[in-house]
Amino acid sequence: MQDKIFVTRSSMPELDEYVEEIRGLWSSHWLTNMGEKHKKFQEQLIHYLNVDNVELLTNGHMALELTMQAMHLEGEVITTPFTFASTTHAIVRNGLEPVFCDINSDDFTINVEEIEKLVTDRTCAILPVHVYGNVCNVEEIDRIARKYGLKVIYDAAHSFGVSYQGKGIGQFGDAACFSFHATKVFNSIEGGAVCFLDKEFGRELYRLKNFGIRGPEIVDGVGANAKMNEFCAAMGLCNLRHINEEIEKRRKIAECYRNYLEGVEGIRLNPVQRLVNSNYAYFPIIIEETDFGASRNELYEELAKHNIITRKYFYPLTNTFACFHNKYDVGKTPVALYISKRVLTLPIYGDLDLAITEKICRIILDCHRRAASKSFFG
Ligand SMILES: *Cc1c(COP(=O)(O)O)cnc(C)c1O
């Protein structure tokens, strides 16, 4: 049997390319604290992401956490529970109260028709997630935010390289937070970035990522240490040279999955959004047990038997995490709950063999056929 295939595999440049990129560090001895690689990476990202400003951070989580701190938010933040732990934790760790809004059943982003019902006089911000790289309804979110004077922070951890109506996805909202974690479409080993317009906010964020230090003898913010080091920035510079190729290879994998799985009874695919250039970050499928013949968990086990390790992104929902001790009523986000019990994300990454992709599809189709004949013959 083949080696285990995981949901993703970190993209890496040729070793020589990375060695060449970091060679200069052996003469400069400048390893972190906004060095040459940091500066160059930041400039190239502004260009690639098609945004005005970028601040680099150690990871996507600190991007979210320090963005909220730099905005001096207080009170409630409207967000969704269908996301990675980081989104909700960043809110709570800022002493803010997450207020969970349901998601759309088709694209899994925040349901904008539910947002206004959740606005109170304590609401300070909306934190939606461009989940799987799917673009939120940015126009409507912007309208609501203006109406109530709220900040908008996008969790864009899945959206590197996505554009909407020809604009970089980082242009939407007061801030958009990206993750360059090893498992994402684009990585700098660990890393993150915030895109923003307001330069004053940018200065605050810069200060907070460096302990709140304003000058050699002035520390006037209670900051963290979230500076990206030179080795991570160098990895980012290398991977950025190959990102278009990575996304193009992913497009072919996604196309292959679509060819096999579109129209299969009991399987629903991630939508192809209008006016969006996708990055093919994930390939989620929704399994309806009654039509497919097997449950999501049964399909997960079946694939695992063949060494195909899929993931249940995102199950469980963040508003059911044990650390919150039943504080939140999951009944208020029924669509998110429904999807989280039925979603499975299939392996997708640039170097995934098309033959393996086809094999994964055949295992899924076999599972469906066997289940269908079993129920047919009782
Ligand atoms: C990965 C991820 C994060 C956190 O990013 P890190 O770089 O791992 O800290 C935040 N939100 C979402 C939706 C993510 O998938």
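The values are calculated or read from the model by the stated rules, or taken from the named source; none is laboratory data. Just so it is clear, the model here is predicted, and its values are computed rather than measured. Using ideal geometry, Cβ is built from the backbone for each residue, glycine included, and neighbour counts are taken over all protein chains shown. Quick note on the areas: whole protein, heavy atoms, side chains included, nothing else; ligands and nucleic acids left out. Shrake-Rupley method; radii C 1.70, N 1.55, O 1.52, S 1.80 Å.
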**Number of the condition not met by residue 81 [criteria: (1) farther than 16 Å from residue 145 by Cβ; (2) surrounded by 23 or more Cβ atoms within 10 Å (Cβ to Cβ); (3) out of contact with any helix residue (DSSP H, G or I) (no Cβ under 7 Å at 6 or more places or on another chain)]** = (3)
**Pair list, Cβ < 6 Å and 6+ apart or interchain, from the stretch 29-58 residues that are more than 19 Å from residue 230 (Cβ to Cβ) to residues that are open to solvent by 70 Å² or more (accessible area, probe 1.4 Å) and not basic (Lys, Arg)** = 52/197
**Pick from the stretch 190-226, criterion within 16 Å of the ligand (Cβ to nearest atom) and open to solvent by 20 Å² or more (accessible area, probe 1.4 Å), ranking: farthest from residue 15 (Cα to Cα)** = 224
**Message:** Can you tell me which of (1) closer than 18 Å to residue 199 by Cβ; (2) touching a Phe, Trp or Tyr at 6+ places or on another chain (Cβ under 9 Å); (3) open to solvent by less than 50 Å² (accessible area, probe 1.4 Å) is the one residue 42 doesn't meet?
**Reply:** (2)
**Request:** Being open to solvent by 80 Å² or more (accessible area, probe 1.4 Å) and touching a residue at least 12 places away in the same chain (Cβ under 8 Å) is the filter here, so list the residues in the stretch 12-28 that pass it.
**Result:** 12
**Prompt:** Any idea how many residues of the stretch 318-338 are touching a strand residue (DSSP E or B) at 6+ places or on another chain (Cβ under 8 Å) and either more than 14 Å from residue 82 (Cβ to Cβ) or surrounded by fewer than 22 Cβ atoms within 10 Å (Cβ to Cβ) (or both)?
**Reply:** 3
**Fill in**
Picking from 231, 292, the residue that is open to solvent by 20 Å² or more (accessible area, probe 1.4 Å) and of a type in the set (Phe, Trp, Tyr) would be 231
**Fill in**
Those residues of the stretch 45-78 which are over 14 Å from residue 192 (Cα atoms), open to solvent by 20 Å² or more (accessible area, probe 1.4 Å) and within 16 Å of the ligand (Cβ to nearest atom) amount to 69
